[in-house]
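Q: One structure coming up, written as structure tokens, with questions to follow.
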Amino acid sequence: MNQFIELLISGLSLGCIYALIAMGFVVVFKATNVVNFAHASVLLLGAFLVARWHDSLGFFGAMAAAAACCAGVAALCDIVLVRALRRRRGSQDVLAILTIGINIVLGTELSREIGTDLLPSGAPWGSDVTHLFGVTVPQTRIAAAVVALALMGLFWLAFTRSGWGVAMRAAASDPEAAALSGIRLGRVAAGAWALAGALAAIGGAFFTSFPSPGVNNSTGLLALTAIPAAVLGGLDS
């Protein structure tokens, strides 16, 4: 029974990390109706930056800096590449294929930079564990679950209570009517991409922490396993 409870708690805590990553997919889809496959390589970028910067900035400082960098990179991808095609009335399938191309280019460059190295995330908990109900749970997973649940609560409030959330939902449901109502679709889309980039960095920092060995050149591919979580939860949820 203890083994079952341990696996259950471990699975739920890991599921929170996947939910954190999946939120990035959902945010972009909610604003633009595009499945953003480039989210995986942005996550790899965030995890890579945290691994590189944690010695000088500390884990949380590195995560904040990586989130800002990934938000900028993701927003630039939308502004420079995706927006031009969207203005030409590119279909959702074409835009999704474009994000696959972005993912390949960015992921390839990062994989070349990482090489065969295995970079630790630098999480302050290391391999420490906590005993709950007689079972052992890594402290990193507990921290990830707390962060993920807090962010999900904040985003629920933002989507349902803020003007930005209303604008995002309006842009997703009827872009033409939203534009006629004064909503700047380009700004909403760029904001969604930036937010997804920041989420990718935070998710990547926890995704590559203990018991994961660290950041390697396959981390981006592993991040794509969060897509089923986004689909199960509902991309437009």
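The values are calculated or read from the model by the stated rules, or taken from the named source; none is laboratory data. Since this is a predicted model, take the numbers as computed values, not measurements. Neighbour counts are summed over all protein chains in view; Cβ atoms, including those assigned to glycine, are modelled from backbone coordinates with ideal geometry. Just the protein is used for accessible areas: all its heavy atoms, side chains included, with ligands, DNA and RNA removed. Shrake-Rupley method; radii C 1.70, N 1.55, O 1.52, S 1.80 Å.
Q: Within region 161-173, is there a residue that is touching a strand residue (DSSP E or B) at 6+ places or on another chain (Cβ under 7 Å) and surrounded by 12 or more Cβ atoms within 10 Å (Cβ to Cβ)? First the steps, then the outcome.
A: Residues of region 161-173 touching a strand residue (DSSP E or B) at 6+ places or on another chain (Cβ under 7 Å): none.
Checked against the condition, which is being touching a strand residue (DSSP E or B) at 6+ places or on another chain (Cβ under 7 Å) and surrounded by 12 or more Cβ atoms within 10 Å (Cβ to Cβ), region 161-173 yields no hits at all.
Q: Could you tell me which of the residues Phe60, Phe48 is over 25 Å from Ala158 (Cβ atoms) and of a type in the set (Phe, Trp, Tyr)? Give the steps one after another, and end with the answer.
A: Details: Phe60 fails: over 25 Å from Ala158 (Cβ atoms).
One residue alone meets the criteria, Phe48.
Q: Considering region 114-137 alone, what residues qualify as being within 21 Å of the chain's Cα centre (by Cα) and outside any loop (DSSP other than H, G, I, E, B)?
A: Result: Ile114, Leu119.
Q: Every residue in region 146-156 that is open to solvent by 20 Å² or more (accessible area, probe 1.4 Å) and touching a residue at least 60 places away in the same chain (Cβ under 8 Å), please. So that I can check it myself, show each step before the final result.
A: Of the residues in region 146-156, the ones open to solvent by 20 Å² or more (accessible area, probe 1.4 Å) are 146-147, 149-156.
Those that are open to solvent by 20 Å² or more (accessible area, probe 1.4 Å) and touching a residue at least 60 places away in the same chain (Cβ under 8 Å): Val147, Leu149, Leu151, Met152, Phe155.
Q: Here's a follow-up. Please go through region 98-127 and pick out each residue that is loosely packed, with under 14 Cβ neighbours inside 10 Å and more than 23 Å from Leu49 (Cα to Cα).
A: Correct list: empty.
Q: I'm trying to understand the selection: among the residues of region 12-25, which are more than 21 Å from Thr108 (Cα to Cα), open to solvent by less than 20 Å² (accessible area, probe 1.4 Å) and hydrophobic (A, V, I, L, M, F, W, C)?
A: Within region 12-25, Ile17, Leu20, Ala22 qualify.
Q: Give all pairs with beta carbons closer than 7 Å in which a residue from region 80-108 that is in contact (Cβ under 8 Å) with a residue 24 or more places away in the chain meets a residue that is among the polar types (S, T, N, Q) and in a helix (DSSP H, G or I); count only pairs at least 6 apart in sequence or on separate chains.
A: What qualifies is Asn103/Ser41; Leu106/Ser41; Gly107/Ser41.
Q: Against the conditions (1) open to solvent by 20 Å² or more (accessible area, probe 1.4 Å); (2) among the β-branched types (Val, Ile, Thr); (3) touching a Phe, Trp or Tyr at 6+ places or on another chain (Cβ under 9 Å), where does Thr136 fall short? Just the number, please.
A: Single failed check for Thr136: (3).
Q: Follow-up question, since we're still on this one. Filter region 84-97 down to the residues that are open to solvent by less than 50 Å² (accessible area, probe 1.4 Å) and within 20 Å of the chain's Cα centre (by Cα) and list them by number.
A: If the condition is that a residue be open to solvent by less than 50 Å² (accessible area, probe 1.4 Å) and within 20 Å of the chain's Cα centre (by Cα), then Leu95, Ala96 are the ones that fit.
Q: Residue check, Arg184 against (1) basic (Lys, Arg); (2) in contact with a Ser or Thr (Cβ under 8 Å, 6 or more places away or on another chain); (3) free of Cβ contacts under 8 Å to residues at least 40 places away in the same chain, all met but one. Which one?
A: (2)
Q: Among the candidates Ala67, Ala62, which residue alone is over 15 Å from the mean Cα position of the chain (by Cα), under 16 Å from Gly203 (Cα atoms) and surrounded by 15 or more Cβ atoms within 10 Å (Cβ to Cβ)? It would help to see each step written out before you state the result.
A: Details: Ala67 fails: over 15 Å from the mean Cα position of the chain (by Cα).
When all the criteria are applied, what remains is Ala62.
Q: So which residues in region 23-54 are modelled with pLDDT of 85 or more, assigned to a helix (DSSP H, G or I) and either among the basic types (Lys, Arg) or more than 15 Å from Thr219 (Cα to Cα) (or both)?
A: Matches in region 23-54: Met23, Gly24, Phe25, Val26, Val27, Val28, Phe29, Arg52, Trp53, His54.
Q: Give me the helices (runs of 4 or more DSSP H) completely within region 138-237, filtered to those with at least 2 residues that are of a type in the set (Phe, Trp, Tyr) and modelled with pLDDT of 85 or more, ordered by residue number. First the steps, then the outcome.
A: On the way: elements: 139-161, 163-173, 175-180, 185-207, 219-223, 227-233.
Because the criterion is at least 2 residues that are of a type in the set (Phe, Trp, Tyr) and modelled with pLDDT of 85 or more, the helices (runs of 4 or more DSSP H) in region 138-237 that meet it are 185-207.
Q: Out of curiosity, is Leu43 within 21 Å of Ala96 (Cβ to Cβ) and open to solvent by 20 Å² or more (accessible area, probe 1.4 Å)?
A: Values: within 21 Å of Ala96 (Cβ to Cβ): yes; open to solvent by 20 Å² or more (accessible area, probe 1.4 Å): no.
No.
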